[in-house]
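One structure is given here, and the rest of the page talks about it.
The values are calculated or read from the model by the stated rules, or taken from the named source; none is laboratory data. Remember, predicted model here, so these are calculated numbers, not experimental data. All Cβ positions, glycine included, derive from the backbone under ideal geometry; neighbour counts span all protein chains shown. In case anyone asks, the SASA skips ligands and DNA or RNA and just uses the protein heavy atoms, side chains included. Shrake-Rupley method; radii C 1.70, N 1.55, O 1.52, S 1.80 Å.
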Amino acid sequence: MDRRTVMKMLAAAGVQGLPLSALLNSSLANARPIGEPQAFSYAWLKGRARELAAKPFESHEGELPRSLKNISWDDYQAIQFRPEKSLWQDEGSAFRAQLFHLGLFFKTPVHIYEVTDGKAQELGYDPSYFSYSGKQPLGELPEDLGFAGFRIQFHTNFKLDLAAFQGASYFRAVGKDMQYGMSARGLAIDTATDHDEEFPKFTAFWLERPKPNSTKLTVYALLDSPSTTGAYVFDLYPGRNMVMDIGCALYPRKHIERVGIAPLTSMYQVGENSQRMDYDWRPEIHDSDGLAMHSGAGEWIWRPLVNPRGIRVNTFVDKNPRGFGLLQRDRDFDHYQDDGVFYDKRPSVWVEPKEDWGKGSIMLVEIPTVDETFDNIVAFWNPEKPLAPNQEHLFSYRLNWGEQAPVKPYELATVRATRTGLGGVVGQKREYFSWRFAVDFAGGMLDMLGENAKVVPVITSSRGRIEITSARPLHEINGYRAMFDLVPDDSEEPIDLRLYLKLDDQPLTETWVYQYTPPPKDQRKIY
């Protein structure tokens with residue numbers, strides 16, 4: 001795997017690269033246990049998180065030997081996992097677990113335990129788990145050193161990862177294409193506020209030994225940060241789509257201005273609707289191309305992503321959302337032409353609440369980027385009612401990782417592409433500035449319509465004037481293309497747009513939403 005992909009994957013953890021070749025492992029059969037086995041349960045873990053929340057936060061960042069703090073990129077890459085040390089490989093399990101080594105960007109020790117029959121045993125560090133061919137001596141490393149996280153493999157292909165937990169509270173998984181892409185997090189705190197974002201960390205994991213022939217793996221995690229603690233349980237179910245059932249109990253230490261539940265982190269640099277980074281030889285560069293939402297009222301919404309010139313924060317108010325996700329709908333290799341990191345194979349991730357979440361909003365944060373290794377897209381659920389300190393707050397939801405979201409509009413067509421450019425009528429002199437939008441829909445009942453069906457585009461804008469509207473068949477995709485021009489007013493503030501197609505009073509498509517920022521008046525060229 002090339003350095004570009006390596007850098008991309010670590011960017012999700014807030015640093016500039018992820019050394020995949022250093023995804024490191026150990027084996028319970030050969031592990032060096034620390035201490036005596038202790039009784040363990042999720043109830044105990046919640047009690048531990050509540051106990052920690054009653055005390056001041058203690059950071060353990062940097063508590064590792066100097067040789068690991070100062071290790072170079074190349075030397076860290078030279079630490080290699082020994083395959084024979086994988087957990088559970090000699091026990092007839094469908095899963096294997098491998099541990100990540102501390103060092104370089106990963107400076108907070110993470111404690112790893114194995115749970116068997118309700119007893120937890122901490123795994124100690126042993127240099128024999130790893131081979132090392134670097135130049136800088138690592139020195140004597142203690143058995144209580146800890147690790148940086150872990151990855152999971154499955155019996156369908158023990159050479160590729162199924163999931164990985166590493167860096168702050170970040171984790172990722174793959175579907176049938178076995179291709180990493182975007183990341184999820186345990187929790188987001190104060191994202192896109194006027195002060196620094198806080199990145200909670202998973203400080204310990206408990207891996208439950210899988211039963212023979214079981215295709216379910218359970219992982220527990222303890223989260224800690226200055227603002228809150230949390231207890232998490234992950235049930236992993238591999239398949240064409242990787243399914244993660246997640247439960248968490250949060251115990252805030254103090255008031256949190258903006259909390260993000262089920263946060264997703266992705267990258268969008270260049271796409272068919274956002275081509276301002278036009279110096280790269282590849283037509284499109286993104287892990288996801290849109291935010292999909294299924295509202296509590298049943299409306300299906302699609303918001304194409306953009307690489308903005310300034311930070312954008314969009315809030316979609318809702319009550320008891322049925323689901324949302326960052327999706328990679330465009331899966332045509334020809335649209336990316338990248339045979340190194342394969343953006344056409346990046347998994348989509350869909351969030352499905354498992355109980356009513358009440359009032360709140362789905363928030364979308366878009367940050368400018370000129371670097372594809374920087375994850376500049378964040379989406380999460382923000383409850384309307386703040387999480388009160390010194391109380392327990394429970395959430396449960398399902399994450400679905402894979403090529404296709406597990407649910408989609410049944411009777412409604414979905415957006416297949418969004419394109420933008422200068423408005424006006426070809427061959428006629430333009431008298432004023434306008435911006436053209438072309439939105440393609442396919443699926444649902446569109447391919448059932450007769451030739452004379454009177455399909456109408458329903459378009460609204462928060463400001464400005466809409467003109468030159470149309471909706472016509474697009475036979476190449478067995479769908480329809482809606483087009484319109486937006487004539488902005490004199491303001492340079494963003495303009496919110498909404499569009500769907502209807503036949504008589506029956507909606508035919510999901511709702512397309514978009515935020516367009518007009519250029520300054522002196523830059524509105526009409527050519």
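Please report, as a whole percent, how much of the solvent-accessible surface of the chain comes from carbon and sulfur atoms (probe radius 1.4 Å).
48
Is the shape of region 391-527 rounded, prolate or oblate, going by the alpha carbon gyration tensor and its root eigenvalues a ≥ b ≥ c, with a/c under 1.5 for rounded and a/b larger than b/c for prolate? Mind dumping the intermediate values first?
Working: a/c = 2.37, a/b = 1.28, b/c = 1.86.
Here region 391-527 falls in the oblate category.
Using each residue's phi in region 372-379, evaluate 6.51 cos²θ - 1.76 cosθ + 1.60 at θ = phi - 60° and report the 3J(HN,Hα) Karplus result to the nearest Hz, with x for Gly and Pro.
Using θ = phi - 60°, the values come out as 6, 7, 9, 7, 10, 10, 9, 9 Hz.
With a sphere of radius 13 Å drawn around the Cβ of ALA413, what net charge do the other residues whose Cβ falls strictly inside it have (Lys, Arg +1; Asp, Glu -1)? Before the final figure, lay out the partial values.
Working: positive: ARG329, LYS408, ARG416, ARG481, LYS502; negative: GLU411, ASP440, ASP447, GLU510.
Neighbour charge sum, excluding ALA413 itself: +1.
For the chain, what is the Kirkwood estimate of the hydrodynamic radius, computed as the reciprocal of the mean inverse distance between distinct Cα atoms, to one decimal in Å?
Taking the inverse mean of 1/r over all distinct Cα pairs, the chain comes out at 24.6 Å.
What does the net charge come to around TYR527 if you take all other residues with beta carbon closer than 14 Å to its beta carbon, with K and R at +1 and D and E at -1?
Value of the local net charge: +4.
Subtracting the Cα-Cα distance from 0.36 nm times the residue separation, let me have the gained length for ASP489 to MET445 in nm, one decimal.
12.2 nm
Give the share of C-alpha pairs in each 5 angstrom bin for region 109-167, from 0 to the last occupied bin, in whole percents, shortest bins first.
4, 14, 17, 21, 24, 13, 5, 2, 0
Would you please give the residues with an amide H less than 5 Å from that of LYS502, counting only those at least 5 places away or on a separate chain, with H modeled from the backbone geometry?
Here VAL456, VAL458, LEU508 satisfy the definition.
If you roll a 1.4 Å probe over the heavy atoms of the protein chains, what accessible area per residue do you get for the chain, in Å²?
43
Would you mind calculating the relative contact order of the chain from Cα pairs under 8 angstrom and at least 6 residues apart, reporting the percent as a whole number?
Reported as a whole number, the value is 12 percent.
Kindly report, to the nearest 10 Å², the accessible surface of ASP278 as traced by a 1.4 Å probe over protein heavy atoms only.
In the full protein context, ASP278 sits at about 120 Å².
Which number do you get for Rg(Cα) / (2.2 N^0.38 Å) in region 190-315?
1.37
Given the DSSP H assignment, sum -39500 (n - 2.57) over each helix run of at least 4 residues in the chain and divide by its residue total; what's the result at 222 nm in deg cm²/dmol, nearest 500?
-1500 deg cm²/dmol
Test of the criteria: in region 299-404, which chymotrypsin sites (Phe, Trp or Tyr not before Pro) are in a DSSP loop and have at most 15 other Cβ atoms within 10 angstrom of their Cβ?
Qualifying residues, ordered by number: PHE342.
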